[in-house]
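Reviewing the structure listed below.
The values are calculated or read from the model by the stated rules, or taken from the named source; none is laboratory data. Small disclaimer: the values here were computed from a predicted structure and weren't measured. As a convention, Cβ positions derive from the backbone with ideal geometry for all residues, glycine included, and neighbour counts pool all protein chains shown.
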Amino acid sequence: MASVYGIGNPLIDCLCRVDDKELDRLSLNKGTMLLVDERKRQEILSHIRNLDTSYSCGGSCPNTMVTLRMLGIDTTLAGGIGSDEEGKIYRRRLAESGVNDELVSFDSPTGTSIILLTPDKERTMNTYLGANRLFDSSFVNDSSIENADMFYFTGYMWDTESQRRAVRHVLEIARKMNKTVAFDLADPFAVGRYREDFLSIIRDNADIVFANSEEARFLFDNYDAYECCRSMGKLCSIAIVKNGKHGSYISDNGVIKKIPLYGTTDPVDTTGAGDTYAAGFLFGYLSGYGTEKSGMIASYLAGEIIGQIGSQFSSGCIDEIKAGITDRFSL
């Protein structure tokens, strides 16, 4: 069985439906991911206290690791959680998913992502990192990456120096041992903050890179998703630019392929669409299906996840999802 080692931000997701006026009252920019402190976190939670809110275990890299595991890929998740009830719940949910647990407990609250979903299906994410900020290179289990086929991480790791050290440490091991490295830019504002660092990672360390059209625009100052894919494809072996309802582009060693959109064009909730796309592509890639078919699997899974509330498939529907992959793509 192929295996993937990931470092991410384990977060308790709080999903709440709001309208644009609520975002204005909270002085939030729609469609962005904002790092918030404890004061702002409490302000938002107080504001939505009487609104219908659902809770689940999430985080960008964790979502990808959980979905990959559901698809039959062995996955390991490293990161920081709190020694609190939320941290215990997170560990329990991770165990239920079958993902190998290399989380480290700290005397700090478990991270929280408050996701505000507007009627146009845009999600505005307000992330309190909490214990995630404390995860450092000293907590990395070197043997886990040595025994894995691939290392996966996202641009969110660059928001704390300690997590950067952890990622750099694993990248060094991966380079020495010729492991495949997959990198998801994750957020346009993260690209804006760390553009030069990300370009360096893509050029010097990454084999597979995921970006959506907005992240790619920030990276290359170009609104054309195809041209951004072409530019990124000059820096790494496999470059992927997701272009919303227009599908996606994949550059495979300079050869660009257009991947159609599968699933609904009227999403219920776009939370986790990119994480699920990454899981679908990596599943296909590690299963030896080639980049084009892997892209089709990714597009299909992303199309399925946006038809439901939440960023992960339920255990009850995963057999149907896998059957859909097999039947649709003749695997």
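Yes/no per residue for (1) among the aromatic types (Phe, Trp, Tyr); (2) crowded, with 18+ Cβ neighbours inside 10 Å; (3) touching a helix residue (DSSP H, G or I) at 6+ places or on another chain (Cβ under 9 Å); (4) within 19 Å of GLY324 (Cβ to Cβ):
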site: ILE238; (1), (2), (3), (4): no, yes, yes, no
site: ASN253; (1), (2), (3), (4): no, no, yes, no
site: LYS257; (1), (2), (3), (4): no, no, yes, no
site: PHE283; (1), (2), (3), (4): yes, yes, yes, yes
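Within segment 306-327, being under 19 Å from the mean Cα position of the chain (by Cα) and buried (at least 18 other Cβ atoms within 10 Å of the Cβ) holds for ILE306, GLY310, SER311, GLN312, PHE313.
Restricting the first member to segment 32-55 and to residues that are without any contact (Cβ under 8 Å) to a residue 24 or more places away in the chain, and the second to residues that are loosely packed, with under 14 Cβ neighbours inside 10 Å and part of a strand (DSSP E or B), no beta-carbon pair is closer than 9 Å while six or more apart or on different chains.
Within segment 40-67, the set of residues being at pLDDT 85 or above, polar (S, T, N, Q) and either in contact with an Asp or Glu (Cβ under 9 Å, 6 or more places away or on another chain) or not in a helix (DSSP H, G or I) (or both) comprises ASN50, THR53, SER60, ASN63, THR64, THR67.
Scanning segment 37-63 for residues that are out of contact with any Cys (no Cβ under 6 Å at 6 or more places or on another chain), surrounded by 14 or more Cβ atoms within 10 Å (Cβ to Cβ) and closer than 19 Å to TYR90 by Cβ yields ARG41, LEU45, SER56, CYS57, GLY58, GLY59, SER60, CYS61, PRO62, ASN63. Here is a check on your reading of the model: is PRO119 surrounded by fewer than 22 Cβ atoms within 10 Å (Cβ to Cβ), under 25 Å from GLU215 (Cβ atoms) and either among the basic types (Lys, Arg) or in contact (Cβ under 8 Å) with a residue 40 or more places away in the chain (or both)? Yes.
Looking at segment 120-222, the helices (runs of 4 or more DSSP H) lying wholly inside it that each contain 3 or more residues that are under 30 Å from ILE309 (Cβ atoms) sit at 188-193, 213-220.
Residues that are within 28 Å of ALA148 (Cα to Cα), modelled with pLDDT of 95 or more and assigned to a loop (DSSP other than H, G, I, E, B): does segment 245-260 have at least one? Within segment 245-260 (the criterion being within 28 Å of ALA148 (Cα to Cα), modelled with pLDDT of 95 or more and assigned to a loop (DSSP other than H, G, I, E, B)), the answer is yes, since at least one residue qualifies.
For (1) buried (at least 19 other Cβ atoms within 10 Å of the Cβ); (2) in contact with a strand residue (DSSP E or B) (Cβ under 9 Å, 6 or more places away or on another chain); (3) more than 30 Å from ILE208 (Cβ to Cβ); (4) of a type in the set (Gly, Ala, Ser), each residue gets a yes or a no:
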site: VAL4; (1), (2), (3), (4): yes, yes, no, no
site: PRO10; (1), (2), (3), (4): yes, yes, no, no
site: MET70; (1), (2), (3), (4): yes, no, no, no
site: GLY98; (1), (2), (3), (4): no, yes, no, yes
